[in-house]
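The block underneath contains the structure these notes are about, expressed in structure tokens.
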Ligand code: SF4
């Protein structure tokens, strides 16, 4: 669904005042009206025009998978404009959080070695509307349960900073109190380490969260797992995150996927501890969800030992509880099928 600015532009072109855009957004987001013809506050001529010319959603549901307990729902969408497929996941946590994991691209050209999306290659960037509509779909889906979406994470298909402009427009739309009204602090951008994107984010007047997929504390190993590290080496990445912390006073989350025998050795936990010691950060150790790659998840004991070593460096660390494996909806498992 288009944002406030775009609706105002459309309405001005067809001779309607800007306040109609506010009325329209109010109907969708506060009254749950998902059909232009039902928006009785709008003039009939405008309703007819919208119904004919402006699709409410830019994506459509193709396939839905839900875990038996209903806590995770994965949806495969087709884009209206060219049929390209993307996936999104809703996670309903016991503490009341309702988090949508959105895709920002069709495929991804970062090609992380352990990632299902990375294996499918890059197709195209999503528009801000296609990104935000993944959240709108779940808002409309949950409206009968009166469950608002509380968090949005850009951790689905794609590298958000390789689609910076559209991602930031989607973030502003999601944060807009007239529309989605998701708090900026509840929106997290997750990057594989695109340094210019981190530096640009520092300049934005938005308090969104930053997560960096680190996965290795040494340049060689990181290059192997996250090939973009050749272009943006670890030293540059660390300089960028330190600058981010210094200038925004916000914490960085480092994601570290646990791969058996690859990046889970005690010596690497010590290296990671030395790298991050004293930083305003948090490390998420992510048990790997096996996809069609050569990698396997670390043993539970190896993850616990890794965590304990990091703690000796006073680096805040948690092991992520992974939801949705049974329906291939967990981290790194989104492809398009
Ligand atoms: S982990 Fe993220 S950045 Fe890496 S290939 Fe997969 S989608 Fe792209």
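The numbers here are math on the coordinates, done by the rules we state, and not lab data. Given the structure is predicted, the values throughout are model-derived calculations rather than measurements. Quick reminder, even Gly has a Cβ in these numbers, built from the backbone with ideal geometry, and neighbours come from all protein chains shown.
Tabulated data for the structure shown
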read-out: Helix-only [θ]222 nm of the chain, DSSP H runs n ≥ 4, -39500 (n - 2.57) each, per residue, nearest 500; value: -10500 deg cm²/dmol
read-out: Cα-based helix-to-principal-axis angle, 44-53 vs the chain, degrees rounded to 10; value: 50 degrees
read-out: Residue among 217, 233, 17 with the largest mean-square fluctuation in a Gaussian network model of the chain, springs linking Cα atoms under 10 Å; value: 17
read-out: 264, 133, 176 arranged by Cβ crowding within 10 Å, fewest neighbours leading; value: 176, 264, 133
read-out: Fewest-first ranking of 91, 157, using other Cβ atoms within 10 Å as the exposure measure; value: 91, 157
read-out: Region 180-244 and region 92-125: distance between their alpha carbon centers, rounded to Å; value: 15 Å
read-out: Antiparallel bridges, percent of DSSP beta bridges restricted to region 59-327 (to nearest 5); value: 50 percent
read-out: Region 4-53 shape via C-alpha gyration tensor axes, a/c threshold 1.5; value: oblate
read-out: Region 4-53: relative contact order in percent, alpha carbon pairs under 8 Å with at least 6 residues between; value: 25 percent
read-out: Ordering of 250-258, 94-102 by packing [mean C-beta count within 10 Å, highest first]; value: 250-258, 94-102
